[in-house]
Amino acid sequence: MSFLTKWFGKKDKNEQEREETRSVQADRERQEQTAPASDRADRNAEPDRSAADGPPDWTHIPQQRPGTKVLTRYILLRSPELELGQFAQALREREPNSRGGVHEARIIVHVRDMTVVADAAVGPLPNGEVEQNAKYNVMWPNAEEAIQGYGGHIRVTAINVEDGVEGHKLLTNVVAALLSGMPNALAVYSAPMLVSPAAYLSSADMLKGDGTLPINLWVFVGLYGSEQGGSAYTHGMQDFGGDELELLNTQRSPSETFELMFSIAAYSIDRRLHFQGGENIAFKEGQSLELERSPGAALGGTTMKIKGF
């Protein structure tokens, strides 16, 4: 029985075809039982073309296609027990065209050419990375306390993602569906960002409403300071084909800095813009900010610096 039959109360096309085949076979057997012996002998002489049904096609996890992305989130659990009673209904509401189910202790969901796989594991993520990163989440000051002693996690991975926005929308909807009716969920983690279940669901619901992108679930803005001033960086812009953003040594307040960084990130992702460096961004009347592409300060590789703030 497929995911759609067991949870959604409807059958996918392949399962309907298999049931029709089984029905035809049953009718044939009933006809053979009432047919003359000579007719039965003739039919029995024909080769048996029926074969045992294999696992439904949604159980197959495709290989990663070249040039596509992999996106991952972790749901941190108080204990490793899973409660999936509301998952199917929640997923149907968020992704009505999805197909999949539970196969060999993992959740598999397909939407268009993308696949999401969710695996549960006992114990915390290794090396204390979650606990360490919890200290830097300015949007959730109590994150470190909230996840203390978590006993399990679910890894949710989207593969074959060609478009970062569409991939993140699908991943967000699957994670939100998993969170529905899962009281032992403590947080959603994507290094270095931690989001509480309530905040995650609230932001994910924007996709069900007016379609506003919950970019606060997709891009992390980090703040730090020195004697020269405050600085900031993003983590997550590369998922959308752009450089990470950095702002260095500003005299603005942390809240102003955070708002600016997030606004530029959201503007870029929402409009699918890839800054090249040298652009000017209107900031206030008569004032603009310049973008400069150069080696990263707090981050490795090349980043897009915001100048003039």
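Pick out, from segment 171-281, the strands (runs of 3 or more DSSP E) lying fully within it that include 1 or more residues that are within 29 Å of Glu292 (Cβ to Cβ) and of a type outside the set (Gly, Ala, Ser).
Once the strands (runs of 3 or more DSSP E) in segment 171-281 are filtered for at least 1 residues that are within 29 Å of Glu292 (Cβ to Cβ) and of a type outside the set (Gly, Ala, Ser), what remains is 193-195, 220-226, 229-235, 244-250.
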Members of segment 266-278 that are without any contact (Cβ under 8 Å) to a residue 40 or more places away in the chain, surrounded by 13 or more Cβ atoms within 10 Å (Cβ to Cβ) and under 15 Å from Glu246 (Cα atoms): Ser268, Phe275, Gly277
When you look at Gly85, is it in the same structural domain as Ala143 (by TED's automatic domain parsing), surrounded by fewer than 17 Cβ atoms within 10 Å (Cβ to Cβ) and assigned to a loop (DSSP other than H, G, I, E, B), yes or no? yes
Which listed residue, of Ser190, Ser231, is of a type in the set (Ser, Thr, Tyr), farther than 19 Å from Phe309 by Cβ and crowded, with 17+ Cβ neighbours inside 10 Å: Ser190
Subset tally (residues that are without any contact (Cβ under 8 Å) to a residue 60 or more places away in the chain and surrounded by 15 or more Cβ atoms within 10 Å (Cβ to Cβ)) for segment 239-265: 9
Scanning segment 41-66 residue by residue, those over 18 Å from the mean Cα position of the chain (by Cα), in a loop (DSSP other than H, G, I, E, B) and either among the small types (Gly, Ala, Ser) or modelled with pLDDT of 90 or more (or both) turn out to be Ser50, Ala51, Ala52, Gly54, His60, Pro66
Here is a check on your reading of the model: is Lys135 basic (Lys, Arg) and without any contact (Cβ under 8 Å) to a residue 40 or more places away in the chain? yes
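The values are calculated or read from the model by the stated rules, or taken from the named source; none is laboratory data. Just so we're clear, the structure is a prediction, and the values are computed from it rather than from any experiment. Neighbour counts run over all protein chains shown; Cβ positions are idealised from the backbone, glycine included.
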